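Submitted below is the structure of interest, expressed as C-alpha cells.
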Amino acid sequence: MTDPNKKQIILAAYVGGVNEHTLWEAPGAGSQIEFDTFRHVAQTAERGKFDYFFLAEGLAVRQHGDDFFDHDIVGRPDTLPVLASIAAVTEHIGLVGTINSTFNEPFELAREFASLDHLSGGRAGWNVVTSFDAFTGANFRKGGYLDRDQRYQRAEETVRTVKELWDSWPEDAIVADKASGTFIRDASVGAFEHHGQQFDISGRFTVPRSPQGRPVIVQAGVSPDGRNFAAANADLIFSPFRDREAAAAFHADINKRVVKWGRQRGDVKIVPSVNFVLADSTAEAREKEAEIRQQTFTPKTVRVLAEQIWNRDLSDFDLESEIPPVEPDLESGRFVNGRTYHTDRNTDVAQLREYSQAHGGLGLRDVFIATRGRSDFVGTPAEVAQALDDFVQEDASDGFVVGNSVVPSGLDEFVDSVVPLLQERGSLREDYDGTTLRSNLGIPVPERGSTTPAIYA
Amino acid sequence: MADHRIIVAAALDGAGWHPAAWREPSSQPDRLYSPDYWLDRVREAEEGGLDFVTFEDNFALQSSDRRGPDTATDEVRGRLDARLIASRVAPVTDHIGLIPVVNTTLTEPFHVSKAIATLDFTSSGRAGVQARVASRAEEYSHIGRHDAPTVDSSSSGPAELSVTEVGAKFEQAAEEVDAIRRLWDSWEDDAEIRDVATDRFIDADKLHTIDFEASTFSIRGPSITPRSPQGQPVVAALAHAGTPYRFAARATDLVFVTPTADNAAEILSAVRTAEAEVRREGDELKVIADLVVLLDASDSNGTEVGGADPNSTGPDESAAVRLERLDSLGRPLAEATEARIVVGSASEVADVVEELAAAGYDGVRLRPGVLTDDLPLIANQLAPELRDRGLTRSTYPQDASLRELVGLPAAPPSRYAGETGQNSPAPASAL
C-alpha cells in the first residue's frame, strides 16, 4: 500500500551503453542494438511499476586520437523510433528520450515529441541536452556552429518555442462533426509565430494537441545557468549527484530556485542516475561490486579514460604501475572526442596523484578501480530498499534513474527483489494510478499558453 | 495469366484520399491521431498480403491550395510524424513493409539515416523511406534558418516555389539520399565482434567515415547506428515530371508515378529516359503506378452484395454512387488528387492493374478513397482477385525483408567493405 505520509519514489530505467559501466563481456550481456533488448528492459521496468523508460542519444561514434573507440560499446539505435516502438509493447510506462536541441529545430522537436505523445497515449518526455562541439557538428549539414556560452540561451529559446508550438492547437480544435462537415473549429488552428534571437519562424503547426498537452521536460544541468534553466523550464532533473550530502544540497538549491522562478516547491522532480549491486549477503554484494570494478577497468578503458583527462597520447606509460608523470595538454583540441569533459584537467590529475601517493604509490588502474565506477547501492535487497527509501524520504532526491552493468537482464533482479520491498514500505505504487507520464510523476499539467520566466532577458 | 508478379502497396493518409472520407459512417475522424487507428489500418493491409504501406507526411499543414495555407475547416488537418507511426506499428506487425514519407530537404541526413535504420531493426528488415522534397514555402518558414528559396513572383499565388528553385532542391535531394545511403553503409555487416581476448567490441576497421562533400553541405560519419538488417532499406519517391524522374533515377529504388488512362506507356518511357540521362547503374527503377481507388462492395465475381439500391449509403452502395455522394459534400476527389481515379468492382480495378502490368509497370500503389471502407475491400476482394490472376504471390515468403518483397537483391554489401585506413582525422573541438 502506498503510504500517504511518505514521498513516492520515482523510478526510471536506463539502458546502459557506450560507456565503461556496461559490461558487454559479462555472461548474459545481450545485444545493444536489437529491439528485444529495449523491449526487455522496458517491460521489466513496467512490471516494476517504474515511471519511465529512459533512452540516451548518440550523434557521433567516439574517437580517441584518430581511432574509433573499440573497447566500449559502440553504436546505438535512434532514440525516438525506439521509444515509439516501445509504446507498442508497453501500456503505462513513460517514454523519455534525449534529443539534442542543437541539431534539431523547434518545429521538428515539437512535432516529434507531440507525435510520440499521441502514439503512446500521453507517455512522452524530452530530455533536453545541448551540444556545441565541432566533432559532432561534422555529422550535420549545419555543423557545430554554436558558441559554448550561447548554448543555454539557445536551449531556453528552443524549449520556449517548442512549448508555443505544442500550445498552438487548442484542446477542442478538432470538432470532427460528420453531420455538419466541420473538422476543425476554425482555419487558424495551429497558427504560430515566433520571432526571437535564435529562431524566426511562423506558420501553422501540423500536430494536434497531444494527450499531455506538453510532454514532460527533463534537463540535466549542474552549472548555475543549468540550474536556473531547469528550475524555470523543466519538470524533472536528471541529476549527477549520487552522494547523499551533495544530492541533498542540490535538491535544496533547486527547490529554492524553483520558488524563485515563480513555481511551487516540488514542481520539479530530481532523479540521480544510480547503479546497484544485489546479493544474498552484504559481504557477497561488496565482493560482487569490487569484481565489477575490476572488470570495468580493462587496460584499454584505463588508457582511454586517462587520455581523456590528460588530453594526450599516453601509450608510452605503464598505467598498471604508475600515474603518468606528464602534465595534461591544455592547449590542443580534444584528444578524446564525442564525450564531454566538464572538470579541470590539472585538478583531476592532482587528485589522482594524491590518491596514489596516499595509498603506497598505486598505479592509475588501481586508483581508478578504487575511486571510480563505484555502485551506489550495494547490499541485500532489504538493505538496498531501505537505502533508496531513506535517500528519497530525506530529500536527497525524488527518485532514481536505475542502471545496471548487465544489459538487458540486470534490471530483472531489482524488479523481482527490491521493488516488492519498496512497495511494502509504502514508497512505491502497487499499480499505475494515472494514465499519463505527468500524472504518474505527480507533476502539474501546465495550462495552455502559460509561460515561464525568461532567464536571459 | 500475367507473365510476372507485381508489387501491390497501399498509401495511408488521414481518413483516406477523398477530402470527405472522414465523414463516412465507417470513418473514425476522432481517432486519426491514435496509435490503434494506424495499427488497424496496417494490419488490414497485411491481411491482404500487400507488399508495403506508405505513411504520408509533410512539414506544411494539409491545404486544398498547392500554393499555401487555405481556410478550409471541412477537411482533415493535422498529422503525426510518419517515421514514428511506422515505428509504432513495427513491432506488432509481421510481414508488411513500412515506408514513411520523410522530408529529406529539411531533415538532417544523419537523422533520416539513423531513424530508418532503427525502423529496420524494430521491424526486422521491413523499413523503407519515401524521400520528399520540400516544395511549399510554409515548410521553410516553419523551420527557419534554412536557405528558404525565394518565391516565384510570376506564379499565380504568393507561396509557390519557382520551377528553378524546386529543380535545385531535387538536385540537392539526390545528394541527401546519397549521404543517407552512405551512412547506412558506414558500418560493415559484421563490425560488431565482441572479442573479449583483445578487448574489442567492434572491429574499428569496419567502420568508415563517409566524408561526403555535396554541393551545399558536408557530412563526416560514420553513422551512430550499426548496419541494419537490410543494409540498405528501400528508398522511394513520388514523381510527376522530368526533374523528379531524374532525381528518382539517381537516388531511389522505387518511383511512384501518376499515369492517366491514356499516358501509361509515355510516362514509363519518360522514366526510362531519365534513367538513361543520369546513367543509372545497377537495377532498373521499379516503376509503380499510383491509383486512387474506390471499390464496390461486391464479391470477386462482380455480384452485388446485399442488393443494389443506388441511393443507399453504406457498404452495399456502388463505388460510383459513393464517389458521387462524397464529391457532393465539398471538394471533389478529382480536384484533390493528381493520380488516376479508378472506381468499380474488384474485377474492374484488377483489369486496370493488369493493364499496367502488361504495359511494363512493376506494380501499383493504391490510395484508398476511404481508408476504413476501401482498404478492407482492397485486402478482402481486390487482393484475392489479383492473386487468382497470378499477378501477386499467394502468401508472404517466410521472414522476407522489404527488399525481397519488392524484388531487390537482398542484403547488398557495404560499398566500403574491405577499405581500411580511409578515415579522415577528427575535426578539432575546443577543450
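Readers should treat all values here as calculations from the given coordinates under stated rules, not as data from a laboratory. Quantities reported herein were computed from a predicted structural model and do not represent experimental measurements. All Cβ positions, even for glycine, are placed from backbone atoms using ideal geometry, and neighbour counts span all protein chains on display.
Can you give the relative contact order of segment A:280-400 as a percent, counting alpha carbon pairs under 8 Å and 6+ residues apart?
Dividing the mean separation by the residue count of segment A:280-400 yields 34 percent.
Take B:Y396 and B:D94, extend 7 Å from each Cα along the Cα→Cβ direction, and tell me the distance between the two endpoints in nm.
Between B:Y396 and B:D94, the label points sit 0.7 nm apart.
Let me ask something else about it. Determine the shape class of segment A:315-382: with a ≥ b ≥ c the square roots of the Cα gyration tensor eigenvalues, call it rounded for a/c under 1.5, and otherwise prolate if a/b is greater than b/c, oblate otherwise.
oblate
What are the ³J(HN,Hα) values, in whole Hz, obtained from phi via the Karplus relation 6.51 cos²θ - 1.76 cosθ + 1.60 with θ = phi - 60°, for each residue of segment B:374-385 in sequence order, with x given for Gly and Pro?
Taking θ as phi minus 60°, the curve returns 7, 5, x, 5, 4, 5, 8, 10, 5, 4, x, 4 Hz for segment B:374-385.
Moving on to the next point. Please compute, for peptide B:57-64, the average count of beta-carbon atoms on other protein chains lying within 10 Å of each residue's beta-carbon.
3
I've got another one for you. What is the extension gain from B:D211 to B:E324, computed as 0.36 nm multiplied by their sequence separation minus the C-alpha to C-alpha distance, in nm to one decimal?
35.2 nm
Could I ask something else about it? Considering Cα pairs under 8 angstrom that are at least six residues apart, work out the relative contact order of chain B and quote it in whole percent.
Across chain B, relative contact order equals 23 percent.
Let me know the mean shielding of A:322-334 by other chains, meaning the per-residue number of their Cβ atoms within 10 Å of its Cβ.
Whole-number average of other-chain Cβ neighbours for A:322-334 is 1.
Near A:R429, within a Cβ-to-Cβ distance under 13 Å, what is the net charge of the other residues, with Lys and Arg +1 and Asp and Glu -1?
Net local charge, A:R429 excluded: -2.
Taking only Cα atoms, what is the 0 to 90° angle, nearest 10, from helix A:79-89's long axis to the longest principal axis of chain A?
Taking the Cα atoms of chain A, the angle to A:79-89 is about 70 degrees.
Using mean Cβ contacts within 10 Å as the protection proxy, how do B:178-187, A:368-377, A:233-242 order, highest first?
Listed from highest to lowest mean packing, they are B:178-187, A:233-242, A:368-377.
Now, a different point. Which residues does the label zone of A:E245 cover in segment A:382-396, counting backbone N under 20 Å from a point 7 Å along Cα→Cβ?
Those under the cut-off are A:387-388, A:390-396.
On to the next question. Taking 2.2 N^0.38 Å as the expected size of a compact globular protein, what ratio does the Cα radius of gyration of segment A:356-457 give against it, to two decimals?
The value comes to 1.56.
Students often get this wrong: which residues of segment A:392-414 have the backbone nitrogen under 16 Å from the point 7 angstrom along Cα-to-C-beta of A:T2?
A:393, A:398-400
With θ set to phi - 60° and the Karplus curve 6.51 cos²θ - 1.76 cosθ + 1.60, what are the ³J(HN,Hα) couplings of segment B:199-207 in order, to the nearest whole Hz, using x for Gly and Pro?
6, 10, 7, 10, 8, 4, 5, 9, 10
For the cross-link pairs A:K142/B:K114; A:K142/A:K269; A:K7/A:K49; A:K6/A:K269; A:K6/A:K49; A:K7/A:K269, which exceed 23 Å when the distance is taken from alpha carbon to alpha carbon?
A:K142/A:K269
What is the sum of charges around B:K114, taking Lys and Arg as +1, Asp and Glu as -1, for the other residues whose C-beta is under 9 Å from the C-beta of B:K114?
0
Just in segment A:135-216: which chymotrypsin sites (Phe, Trp or Tyr not before Pro) are loop by DSSP and have at most 15 other Cβ atoms within 10 Å?
When the chymotrypsin sites (Phe, Trp or Tyr not before Pro) of segment A:135-216 are filtered for loop state and at most 15 Cβ neighbours within 10 Å, A:Y145 remain.
Would you mind counting up the charge near B:D253? Only other residues with Cβ under 9 Å from its Cβ, with Lys and Arg at +1 and Asp and Glu at -1.
Counting the neighbours of B:D253, the net charge comes to +1.
Say each of A:I455 and B:A197 gets a label point 7 Å from the Cα, pointing the same way as Cα to Cβ; how far apart are those two points in nm?
Calculated label separation equals 5.2 nm.
If I model a spin label at A:A350 and A:D329 as a point 7 Å from the Cα along the Cα→Cβ vector, what separation in nanometres do I get?
Taking the two extended label points, one gets 2.3 nm.
Which log10 I(q)/I(0) values, to two decimals, does chain A give at q = 0.12 Å⁻¹ under the Debye formula with one point per Cα?
Each listed q corresponds, in turn, to -1.12.
Taking the 0 to 90 degree range and rounding to the nearest ten, how far is the long axis of helix A:244-260 tilted relative to the main principal axis of chain A, both from C-alpha atoms?
Around 30 degrees separate the two axes.
Taking the Cα centre of each part, how many Å lie between segment B:354-368 and segment A:225-271?
60
What is the ratio of the Cα radius of gyration of segment B:7-405 to 2.2 N^0.38 Å, where N is its residue count, to two decimals?
The reported ratio for this selection is 1.01.
While we're looking at this one, here's another question. Taking neighbour counts of Cβ atoms within 10 Å as a proxy for exposure, in what order, fewest first, do A:W261, A:W310 appear?
The most exposed by this proxy come first: A:W261, A:W310.
Separate question: Where the centroid of each part is defined by its Cα atoms, how far is segment B:104-147 from segment A:300-372 in Å?
After rounding, the separation between the Cα centres reads 41 Å.
Of the peptides B:355-362, A:32-39, A:45-52, how do they stack up when ordered by the mean number of other Cβ atoms within 10 Å, highest first?
Order by mean packing, descending: A:45-52, A:32-39, B:355-362.
Distance between Cα centroids, segment B:228-250 to segment B:319-350: provide it in whole Å.
Cα centroid to Cα centroid, the span is 28 Å.
Once amide H atoms are built 1.01 Å from N in the peptide plane, which residues 5 or more positions from A:A13, or in another chain, come under 5 Å H to H?
A:Y52, A:F53, A:F54, A:V402
Indicate, rounded to the nearest 5 percent, the antiparallel portion of the DSSP beta bridges found entirely in the protein assembly as shown.
The antiparallel proportion sits near 20 percent.
Give the average, rounded to an integer, of partner chain Cβ atoms located within 10 angstrom of each Cβ in A:60-68.
Per-residue shielding by partner chains comes out at 6.
When the Karplus curve 6.51 cos²θ - 1.76 cosθ + 1.60 is applied with θ = phi - 60°, which whole-Hz ³J(HN,Hα) does each residue of segment A:442-450 get, with x for Gly and Pro?
Result, rounded to whole Hz: x, 10, x, 9, x, 5, 4, x, 6.
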